[in-house]
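**Q** There's a structure below that I have some questions on.
Where a number appears in this text, it was derived from the coordinates with a stated rule and is not lab data. Worth saying up front: this structure is predicted, and the values here are computed from it rather than measured. No Cβ is skipped: glycine too gets one built from the backbone with ideal geometry, and neighbour counts run over all protein chains shown.
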Amino acid sequence: MAAVTRGCRPWGLLLGLLGLVSAAAAAWDLTSLRCNFGAFCECDFRPDFQGLECDLAQHLAGQHLARALVVKALKAFVQDPAPTKPLVLSLHGWTGTGKSYVSSLLAHYLFRGGLRSPHVHHFSPVIHFPHPGHLERYKKDLKSWVQGNLTACSRSLFLFDEMDKMAPGLIEVLRPFLGSSWVVYGTNYRKAIFIFIRWLLALGHHGRASPGCPGALPTSPEAPCAALCAQRAGPARPGAKG
């Protein structure tokens with residue numbers, strides 16, 4: 001009996017080690033391994049919908065429909081493992097209704113680095129496109145910036161502020177990126193998120209700027225769009241502009 005017992009110990013020890021290895025493997029999925037041992041762009045993408053809904057409910061007064069639209073669109077898009085189109089959100093309303101605040105919350109609760117994440121790209125016409133006479137150069141630069149960043153990481157967020165001050169025709173270079181094609185310019189872009197912020201007075205009678213006018217979105221009816229019509233129904237969070 002003694003000899004048999006000694007012979008079983010190595011097998012018991014081996015089974016115990018295998019159990020530990022299996023438990024460790026279950027706790028570490030492939031994404032975690034890639035995040036710990038190398039640069040992986042989606043490591044910065046950490047959606048927190050519970051935190052987003054809580055913050056929106058507490059600090060975005062009078063915007064129940066807007067909150068529901070934004071969260072529903074984001075959840076459906078993020079939870080789809082293979083979206084066919086990027087997500088396009090249009091946030092428009094009067095000054096002080098929380099457009100900029102909502103966009104900053106989306107960046108904060110979608111990316112670990114928030115607005116400082118290398119995969120969140122904020123464009124302002126006053127800063128990036130200040131001279132109307134340089135329109136053709138701006139078109140080339142904008143297309144190159146979007147394409148380059150999507151090549152580096154398909155899970156990117158592009159935020160375009162003050163669309164009402166954007167030179168007519170500039171944003172049209174984005175139209176190929178907003179449709180349902182599989183590849184544009186050799187780039188996979190279907191996991192990208194585009195957010196456009198506009199002041200309400202820049203819009204026409206039906207809440208939409210005319211094509212070719214400042215504030216007009218690129219014409220792409222196929223792109224999913226959750227329009228946040230931020231009418232003044234109550235004050236936004238103190239200090240939250242736009």
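**Q** Show which lysines lie in cross-link reach of LYS72 when reach means a straight Cα distance below 27 angstrom and same-chain residues fewer than eight apart are skipped.
**A** By straight Cα distance, LYS72 reaches LYS85, LYS99, LYS191, LYS241.
**Q** I've got another one for you. Given C-alpha coordinates of the stretch 99-138, what is the ratio Rg to Rh with the Kirkwood estimate of Rh?
**A** On the way: Rg = 13.3 Å, Rh = 11.7 Å.
Over the Cα atoms of the stretch 99-138, Rg/Rh equals 1.14.
**Q** Sticking with this structure for a sec: Given the peptides 128-135, 50-57, arrange them by the average over their residues of other C-beta atoms within 10 Å, most packed first.
**A** 50-57, 128-135
**Q** Something else about it: Given the convex hull over the Cα atoms of the stretch 49-201, what projected area results after averaging over all orientations, in nm²?
**A** With every direction weighted equally, the projected area is 9.2 nm².
**Q** Hey, another quick one. Per-residue counts of other Cβ atoms within 10 Å, averaged by peptide: what ranking do you get for 62-73, 98-109, highest first? Don't skip to the answer; put the middle values down first.
**A** Working: 62-73: 17.1, 98-109: 22.8.
In decreasing order of mean packing, 62-73, 98-109 become 98-109, 62-73.
**Q** Please list, ordered by chain and number, the residues whose modelled amide H lies under 5 Å from the amide H of MET166; skip anything fewer than 5 residues away on the same chain.
**A** The list, which skips near neighbours in sequence, is GLY215.
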